[in-house]
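Comments concern the structure below.
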Amino acid sequence: MGDSEALDAMREAARLSPGNFPLRRLLADALLAAGKSTEAEAAYQAALLLAPGDPEVIIGLAESFVRQGKSGAALIALESLPTEPRRPARAGIVAAMALLGNGDKAAAAAQYQQAINEDAALADADMAARLGALDTPPTVAHTPPADSQRVRVGGAGAQEDERPEEPILDAQRSHITFVDVAGMEDVKNTLRMKLLLPIQKPELFAAYGKTAGGGLMLYGPPGAGKTHLARATAGELGADFIDVGLADILDMWVGSSERNLHSIFQMARRRTPCVLFFDEVDALASRRSDMRGHSRHVINQFLAELDGVDDRANEGILVLAATNAPWYVDTAFRRPGRFGEMVFVPPPDAKARAAILEILCRGKPTTRLDMNALAAATEGFVGADLEGVLERAIETKLVDSIRAGYPLPLTTDDLLRAIRTVTPTAVREWLLTARNYVLHANESGVWDELLPWLRDVR
Ligand code: ADP
């Protein structure tokens with residue numbers, strides 16, 4: 001395939017996925033390398049709309065200006081480079097080219113010299129000759145340490161640095177909202193009514209004597225999207241998401257697990273509004289009758305933290321939990337104010353599977369996909385399985401794309417082929433297990449939501 005055909009294919013891929021930033025940048029770089037500076041300028045401008053302030057794109061844009069003889073425009077573009085983190089060394093080379101174009105040889109030489117001091121690989125014999133500058137050995141650039149987003153959790157009232165073995169948790173802004181959760185309209189509506197609206201419209205709920213707070217437990221087969229939903233709930237509120245894994249709490253030293261739990265709640269109380277999410281909560285909240293020794297203490301501590309020392313202790317904290325085995329959870333956790341509500345997160349139906357695939361393919365180069373065919377071929381697949389399908393298809397496509405030299409769009413056939421190689425997580429087995437536990441223990445109607453799913457499973 002010739003260069004111009006490869007460029008055509010990339011133009012087409014970018015046209016089909018206008019929101020795909022890496023693709024736009026790739027196209028712009030390829031246009032610049034092919035000497036098509038005017039078109040490269042337009043492509044960089046389009047990429048900048050998707051990622052304002054991206055240093056590499058700004059430098060590319062400046063270079064496309066220089067190559068069209070627009071030195072002034074190039075220098076203005078370079079001015080807009082963010083000063084933090086450090087300006088990439090290549091910016092100095094492009095600045096030198098622009099300054100040379102403006103006839104300012106001394107300033108150009110200084111820029112060039114500084115750039116190759118930072119990155120000797122940028123040395124260019126042609127430029128050096130034009131500038132009359134000599135290469136000098138590079139000096140070692142200083143890289144400031146990256147800021148860590150992770151937050152340390154100290155023990156209850158303990159000095160933070162004394163116990164290096166204590167859990168380290170991520171408290172992050174969630175970047176996804178309900179728009180990123182395909183299907184599951186019933187579940188989303190429950191979350192809206194039970195969790196979000198009481199916080200967003202407290203006056204309305206107060207009029208009926210209802211206040212915000214308390215928690216909710218999501219249950220269902222693994223990979224069906226419980227964590228994804230919890231994260232999206234935080235995103236809906238613009239709140240921090242604190243993801244607590246079992247390993248963050250359990251401690252081999254008797255007594256430390258309770259302390260870890262307390263530290264985690266204390267951290268959440270300092271960071272309101274936030275969603276505090278406990279994954280695999282059944283392991284932490286198993287029926288007390290099944291437990292002995294210090295596990296019982298952990299459960300009691302967990303209940304005490306959920307209740308708080310007073311009514312307002314957990315204000316602004318939404319406690320969400322997820323489990324694949326809700327029948328193991330001690331009923332004490334289901335009281336109002338604790339995990340008062342159990343919400344079933346079902347395996348996705350055909351429409352939801354198509355919607356999940358739609359979301360997973362968002363922004364990736366694809367042809368028009370036959371979503372009906374894909375949904376039909378993925379009966380029994382949950383979100384995590386569909387993610388696996390897409391990864392598999394992309395891996396294969398990348399090999400082809402590397403060979404072709406440009407990103408090839410994914411097709412329906414690519415995905416159907418990948419589907420055949422992925423074994424779905426056992427939704428059926430989960431439903432059969434659920435049936436064993438639930439059918440004879442539904443006196444209070446707590447499993448009502450689940451019943452229609454259990455009737456037909458064989
Ligand atoms: P669980 O917590 O139930 O085991 P996850 O929330 O970890 O499952 O889901 C696994 C992955 O599947 C998620 O990272 C997400 O990308 C995808 N996924 C699951 N359900 C959906 C959905 N409804 N919409 C979009 N993506 C989903």
Would you call residue 235 in contact (Cβ under 8 Å) with a residue 60 or more places away in the chain, within 16 Å of the ligand (Cβ to nearest atom) and under 26 Å from residue 446 (Cβ atoms)? no
Give me the helices (runs of 4 or more DSSP H) completely within the range 316-416, filtered to those with at least 2 residues that are open to solvent by 20 Å² or more (accessible area, probe 1.4 Å) and within 11 Å of the ligand (Cβ to nearest atom), ordered by residue number. 350-361, 383-404
Looking at (1) part of a helix (DSSP H, G or I); (2) within 30 Å of residue 362 (Cα to Cα), find the lone condition where residue 96 falls short. (2)
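The values are calculated or read from the model by the stated rules, or taken from the named source; none is laboratory data. Treat the numbers as computed from the prediction; the structure is a model and nothing was measured. Note that we place each Cβ from the backbone using ideal geometry, even for glycine, and neighbour counts take in every protein chain shown. These area figures cover heavy atoms from the full protein model, side chains too; ligands, DNA and RNA do not enter into them. Shrake-Rupley method; radii C 1.70, N 1.55, O 1.52, S 1.80 Å.
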